[in-house]
Amino acid sequence: MTGTNGEAPLALDETFLQDPEAVYARLRKEGPVHKVVLPHGWETWIVTGYDEARAALADPRLHKNGRTLEQYMDPEVLGDGTDVFAEALRAHMLSSDPPDHTRLRKLVNKAFTSRRVEALRPRIETISDDLLDAMAARAGEPVDLLDTFAFPLPMTVICELLGVPAGERDDFRAWSTTVVSDAADEEVRVASYAMAGYLSQLLAAKRESPGDDLLTALIQSRDADDRLDEQELISMTFLLLLAGHETTVNLIGNGMLALLRNPEQRAAVRADASLVPGAVEEFLRYNGPVNLATMRFTTEPVALGDVEIPAGEFVLVALGSANHDPERFPDAGQLDVSRPAGGHLAFGHGIHYCLGAPLARLEGEIAFTRLLARFPELRLAAEPDELVWRNSSLIRGLERLPVHLT
C-alpha cells in the first residue's frame, strides 16, 4: 500500500492536509519510511519515524541544491512550470548544500545575531499590546485571532527588522500565502516573481539610503572579501520574510487552538506564567507550524531504517509525524505544557536548523503571555470541526481562528 515493497505508493488527498496525524499514525505503525503521492501530484518518499527523521535531517547524502533538483523533477507533473521559483529565489540557505550553505549561513549570522534578536523584546511587547488594545475594542463580536493578532505581530516584527515599509506588508502576506501553498504552479510562479521584483527594488533603495535594519546589514555583511551577491540578497530576504512570519503566525494560531481545546492546560499556563516558555516548546511539538520539511533528494542510494531509497528520488521529512512518535514522546497525542522541553524537530535539525528559531520563541513567549493575561476568558467562536486548515503540504496552519474575547 505504501510503496516500501514495490506496491503502488499511497495517494494522499486533501483530507491529509486537514488531518495529517491520522495518516501518520497509520504509517508509523507500518514502518518509518514510505513512498507516497502528495495531493498536488508529486511522488516522494516520506519519513515518519522520529529517529529516522532526525537522521535524515542531518544526512549529507540527502541534498537540497535547488538548481540540481530540477533534473529530478517529472515534467509530466510540472508541465512547463519547471521554473516555479525565479532563479533569484533558488539561492537561499534552505535550497543549498555545503560549501554554499556554509558560506551563506556564515554571512547571515553576522547580521542576524542573538543580540539583535533580544534587543527586539521591548518592541515586540509594544506591538503585542497595541494589537490587543485594538482587539479589545471589538470585544462584543467574534474576531479572527489570525487576522487581528497572530499574523500582524510577526509580520510587523520581521518587516521592521528588515526595514520593509509598512505599506507593503499586505502584499507580502498575499504573496507568501500563495508561495507556501499547494496552489497551481502558475499562481506560485506569479507570486514568487512579484516578491522577487519588489525585493530587488527594495535592495536598490537600501543601497542609496542605508538604515539601521537587517536588510542594510545583509547588504554590508562580508567575510574577508566575500559578500552576498544580488541574487543571494534577494533569496535571503525572501527566506527571512517568509520564514520570519509564517512560523510564528502558525505557532500562535495552532498553540492557542490547542489551549482552547484543552482547558486544563490553559488554566495551568494562566496560573503560572513561568510555564509559558515550556508551553511554547510543547505547542511546537504538538502541532507545529511546519508539517513537512522542504524537499530533499538522493543522488545515491540512502538507507533509512530498513528501507533503501534509490538515487534520484525526492524525500520529505514529516516533522509533524516525528514529533508524535510515541517511541520518543510518551502520550504524544496529548498536550502537556509541563512536558520536559526539547528534542522536538519543529525547527529541523542539523545544518539547516532554523536560523530564526530564537526570534520565533521570543515572539511566542510574549504573545501567549500577553494574550492569556489580557483575555483570560478567550473561547472558540466555532466548532472545532468547522475550522479549515490551509491548503499547504509544507505549512500547518488554520485559514481562520474565530474567537470570543470574553
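Just a few scattered comments:
- In region 317-332, the residues that are among the charged types (D, E, K, R) reach residues that are assigned to a loop (DSSP other than H, G, I, E, B) and buried (at least 23 other Cβ atoms within 10 Å of the Cβ) with C-beta atoms within less than 6 angstrom, at least six apart or across chains, in these pairs: ASP325/GLY49.
- Restricting region 298-315 to residues that are of a type outside the set (S, T, N, Q) and touching a Lys or Arg at 6+ places or on another chain (Cβ under 8 Å) leaves a set whose member that is surrounded by the fewest Cβ atoms within 10 Å (Cβ to Cβ) is GLU300.
- Filter pass, LEU69 being at pLDDT below 95 and under 17 Å from HIS324 (Cβ atoms): no
- Candidates are the residues of region 179-208 that are part of a helix (DSSP H, G or I) and acidic (Asp, Glu); the one that is nearest to LEU242 (Cα to Cα) is GLU187.
- The lone exception for ASP213 - which of (1) under 24 Å from the mean Cα position of the chain (by Cα); (2) under 30 Å from ARG379 (Cβ atoms); (3) of a type outside the set (A, V, I, L, M) it fails: (2)
- If you filter region 72-117 down to residues that are under 21 Å from the mean Cα position of the chain (by Cα) and farther than 30 Å from ARG361 by Cα, you find that the one that is modelled with the lowest pLDDT is VAL84.
- All told, ALA267 falls short of being more than 16 Å from the chain's Cα centre (by Cα), modelled with pLDDT of 95 or more and assigned to a strand (DSSP E or B).
- The set of residues in region 375-402 being farther than 25 Å from GLY244 by Cα and either over 23 Å from the mean Cα position of the chain (by Cα) or hydroxyl-bearing (Ser, Thr, Tyr) (or both) consists of PHE375, PRO376, GLU377, LEU378, ARG379, LEU380, ALA381, ALA382, GLU383, ASP385, GLU386.
- Filtered residues of region 348-374 (kept if under 23 Å from the mean Cα position of the chain (by Cα) and aliphatic (A, V, I, L, M)): ILE351, LEU355, ALA357, LEU359, ALA360, LEU362, ILE366, ALA367, LEU371
- Note on region 349-364: among residues that are modelled with pLDDT of 90 or more and of a type in the set (Gly, Ala, Ser), the one that is nearest to THR113 (Cα to Cα) is ALA357.
- One residue stands out in region 27-50 among those that are among the aliphatic types (A, V, I, L, M), under 21 Å from the mean Cα position of the chain (by Cα) and at pLDDT 95 or above: the one that is surrounded by the fewest Cβ atoms within 10 Å (Cβ to Cβ), namely ILE46.
- Search result, residues across region 108-167 that are within 30 Å of ASP226 (Cα to Cα) and without any contact (Cβ under 8 Å) to a residue 40 or more places away in the chain: THR113, ARG115, ALA119, PRO165
- Looking across region 222-264, the residues that are farther than 23 Å from LEU387 by Cβ, among the hydrophobic types (A, V, I, L, M, F, W, C) and either in a helix (DSSP H, G or I) or in contact with a Lys or Arg (Cβ under 9 Å, 6 or more places away or on another chain) (or both) come down to LEU228, LEU233, ILE234, MET236, PHE238, LEU239, LEU240, LEU241, LEU242, ALA243.
- Within the span defined as region 245-254, every residue fails to be touching a His at 6+ places or on another chain (Cβ under 9 Å), crowded, with 17+ Cβ neighbours inside 10 Å and closer than 22 Å to ASP325 by Cα.
- Extreme residue, surrounded by the fewest Cβ atoms within 10 Å (Cβ to Cβ), among residues of region 380-395 that are at pLDDT 95 or above and within 22 Å of GLU282 (Cβ to Cβ): LEU387
- Filtered residues of region 181-192 (kept if closer than 26 Å to LEU215 by Cα and surrounded by fewer than 17 Cβ atoms within 10 Å (Cβ to Cβ)): VAL190
- Tabulated pairs, region 24-36, first over 14 Å from PRO326 (Cβ atoms), second assigned to a strand (DSSP E or B) and of a type in the set (Val, Ile, Thr), C-beta under 6 angstrom, 6+ apart or interchain: VAL33/VAL47; VAL33/VAL307; HIS34/ILE46; VAL36/ILE46
- Tabulated pairs, region 192-211, first at pLDDT 90 or above, second surrounded by fewer than 13 Cβ atoms within 10 Å (Cβ to Cβ), C-beta under 6 angstrom, 6+ apart or interchain: none
The values are calculated or read from the model by the stated rules, or taken from the named source; none is laboratory data. Source: prediction; values computed, not measured. With ideal geometry, Cβ positions are generated from the backbone for all residues, glycine too; neighbour counts draw on all protein chains shown.
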